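The values are calculated or read from the model by the stated rules, or taken from the named source; none is laboratory data. Since we're looking at a predicted model, the values are computed, not measured. Here the Cβ positions follow ideal geometry from the backbone for every residue, glycine too, while neighbour counts run over all protein chains shown.
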Amino acid sequence: MHISRNTILTNPSYTWVRMDILELIEPADGMSVLDVGCSNGVNGDYLKKKFNATVYGVEYDEGYCDEASTKLDKVYHANLNKKSLLDLNIAKQFDYIIFGDILEHTIDPWQILKDGRTLLKENGTILISIPNINHYNTIFSLIFRGRWPYRKRGIHDSTHLRLFTRKNLVEMYEQCGLEIIKERRNLRLFERGTSLDRIKLISLVLDFFIIRRFFVVQYIHVLRSRKNSQAGK
């Protein structure tokens, strides 16, 4: 949530509808959603128009806050590296909380997740999209090029503060009193994507359980609170 306006303006991934995340929502009448890192409100706007949802947003960039405020029911301007979700005094609980490629930009995603869990309704759901640092491109660059592959976007976005493999994610969820209900994997042969990645056969081959962790660029997880867990309380 520390991303600068200049970075955002050159990165269209912050401003398109994330159907790979939103398709995992099970719509219900009167459902409420908190979109953490809501950008210009494009995802919340989709949910409001499609399902008549109540959508709140949290966003660091002031310009995006202004734009999102014209689309969503309420938007909080906050840098979650300096202020917690609970500091915002959100007087509401939610059916869904979305963290779309935002936790890796924060200093303490563990605490943010714990705080988010307290804002869930009973049987509420957290949706997370997060890059997989275990992609073979990372290993290739370190072994054969001897350098960390800093880039302007993607897995190796230079603004990422925290790095995760799937095992790291599972451990974090457990520490926060959450468990994976469903997993979606975005796979790419190359990090930046090629026409080959759109061929279904390639995805089926890359998704073979022994090798898939080396080709996943993003994990998308549907999470719910673990029963009897005391984490985050």
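On the given criteria, is residue 68 over 28 Å from residue 165 (Cα atoms), in contact (Cβ under 8 Å) with a residue 12 or more places away in the chain and in contact with a Pro (Cβ under 8 Å, 6 or more places away or on another chain)?
no
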| field | Residue among 114, 121 that alone is surrounded by fewer than 20 Cβ atoms within 10 Å (Cβ to Cβ), at pLDDT 95 or above and under 21 Å from residue 225 (Cα atoms) | value | 121
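Condition check ((1) modelled with pLDDT under 95; (2) within 18 Å of residue 218 (Cα to Cα); (3) in contact with a Ser or Thr (Cβ under 6 Å, 6 or more places away or on another chain); (4) among the β-branched types (Val, Ile, Thr)) across all residues:
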residue: 4; (1), (2), (3), (4): yes, no, no, no
residue: 8; (1), (2), (3), (4): yes, no, no, yes
residue: 23; (1), (2), (3), (4): no, yes, no, no
residue: 30; (1), (2), (3), (4): yes, no, no, no
residue: 47; (1), (2), (3), (4): no, no, no, no
residue: 55; (1), (2), (3), (4): no, no, no, yes
residue: 70; (1), (2), (3), (4): no, no, no, yes
residue: 94; (1), (2), (3), (4): no, no, yes, no
residue: 110; (1), (2), (3), (4): no, no, no, no
| query | Pairs under 8 Å by beta carbon, first residue assigned to a helix (DSSP H, G or I) in the stretch 39-61, partner of a type in the set (Ser, Thr, Tyr) and modelled with pLDDT under 95, six or more apart or different chains? | reply | 42/15
| request: Please work out if residue 108 is surrounded by fewer than 22 Cβ atoms within 10 Å (Cβ to Cβ) and in contact with a Lys or Arg (Cβ under 7 Å, 6 or more places away or on another chain). | output: no
| remark: The correct count of residues that are in contact with a helix residue (DSSP H, G or I) (Cβ under 8 Å, 6 or more places away or on another chain) and of a type outside the set (Val, Ile, Thr) in the stretch 38-55 is 9
| said: Restricting to the stretch 10-21, and then to whatever is surrounded by fewer than 18 Cβ atoms within 10 Å (Cβ to Cβ) and in contact with a helix residue (DSSP H, G or I) (Cβ under 8 Å, 6 or more places away or on another chain), can you tell me which residue is modelled with the lowest pLDDT? | reply: 15
| field | Filter result (part of a loop (DSSP other than H, G, I, E, B) and not aliphatic (A, V, I, L, M)) within the stretch 181-190 | value | 188, 190
